[in-house]
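The structure under discussion appears below in the form of structure tokens.
The values are calculated or read from the model by the stated rules, or taken from the named source; none is laboratory data. Remember, it's a predicted structure, so these values are computed and weren't measured experimentally. FYI the Cβ positions are ideal-geometry reconstructions off the backbone, even for glycines, and counts take in every protein chain you see.
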Amino acid sequence: MAVFIHESAYVDEGARIGEGTKIWHFCHVMGKAVIGESCSLGQNVFVGNNVTIGNGVKIQNNVSVYEGVILEDHVFCGPSMVFTNVRIPRSAFPRNSSEDYLRTLVRKGATIGANATILCGATVGEWALVAAGAVVVKDVPPYALVAGVPARRLGTVCECGETLAERSGKAACRHCGREYIISEDGKVERLS
Ligand SMILES: [Zn+2]
């Protein structure tokens, strides 16, 4: 499958883009970015140097993926969500080299809702779901549903995204049937 790059997008020389990936209007991908296969970059998406994006990642309109951010396979970035890469930005004390940037890791299958903000240094766990408008200031556990400012855990979600009814113990998704064990401390293990 061919790569599609809309004529209004700038993809700098050296950028690596996997098969089947689509890059839509007004995007800018810098030269040291690595983007996997079958991804979609909506309108006005920026991808910085040394950013790694896995396969099957969907990035909606108006998202800047700054240096320091890693998106694993099948991550979903909702429209206008925000990443940062400097903990304490100061115009008078520039922190704008690679060593200044904190790492933000979004693990496999995670979803970040529209207009949410992920402060740099945080890890969003596998299959976690960050609600629209949330501000994530610390790590989000795998399969957690978090919402609010600052983001707090409201529950647990299935890989398919449906909320699991049980707070702890064995839980089956009403939507897809996947089964999990949720421990008292919120750790989630998939059974089937
Ligand atoms: Zn499910």
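Being part of a loop (DSSP other than H, G, I, E, B) and under 16 Å from the mean Cα position of the chain (by Cα) is the filter; apply it to the stretch 1-36 and report the residue that is surrounded by the most Cβ atoms within 10 Å (Cβ to Cβ).
Of the residues in the stretch 1-36, the ones part of a loop (DSSP other than H, G, I, E, B) are 1-3, 6-9, 12-15, 18-21, 24-27, 30-33, 36.
Imposing the further condition that a residue be under 16 Å from the mean Cα position of the chain (by Cα) reduces the set to 33, 36.
On the way: A33: 23, G36: 21.
Checking each candidate, the answer is A33.
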Some residue of the stretch 134-155 being within 15 Å of the ligand (Cβ to nearest atom), closer than 21 Å to N55 by Cα and modelled with pLDDT of 95 or more: yes
Complete set of residues in the stretch 69-90 that are part of a loop (DSSP other than H, G, I, E, B) and out of contact with any Gly (no Cβ under 8 Å at 6 or more places or on another chain): S80, T84, V86, I88, P89, R90
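Within the stretch 156-174, which residues are exposed (fewer than 12 other Cβ atoms within 10 Å of the Cβ) and either within 15 Å of R107 (Cβ to Cβ) or near the ligand (Cβ under 9 Å from one of its atoms) (or both)? Explain how you work it out, then say what you get.
Applying the first criterion (exposed (fewer than 12 other Cβ atoms within 10 Å of the Cβ)) to the stretch 156-174 yields 165, 167, 169-170, 174.
Passing the criteria: only R174.
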The stretch 152-164 residues that are within 14 Å of R190 (Cβ to Cβ) and among the polar types (S, T, N, Q), paired with ones that are more than 7 Å from the ligand (Cβ to nearest atom) and not in a strand (DSSP E or B) (beta carbon under 8 Å, 6 or more apart): T156/Y143; T156/E166; T156/R167; T156/G186
Test for F76: is it within 22 Å of A9 (Cβ to Cβ), free of Cβ contacts under 8 Å to residues at least 60 places away in the same chain, buried (at least 17 other Cβ atoms within 10 Å of the Cβ) and not polar (S, T, N, Q): yes
Residues of the stretch 177-190 satisfying the condition of being within 14 Å of the ligand (Cβ to nearest atom), under 18 Å from G125 (Cβ atoms) and in a loop (DSSP other than H, G, I, E, B): R178
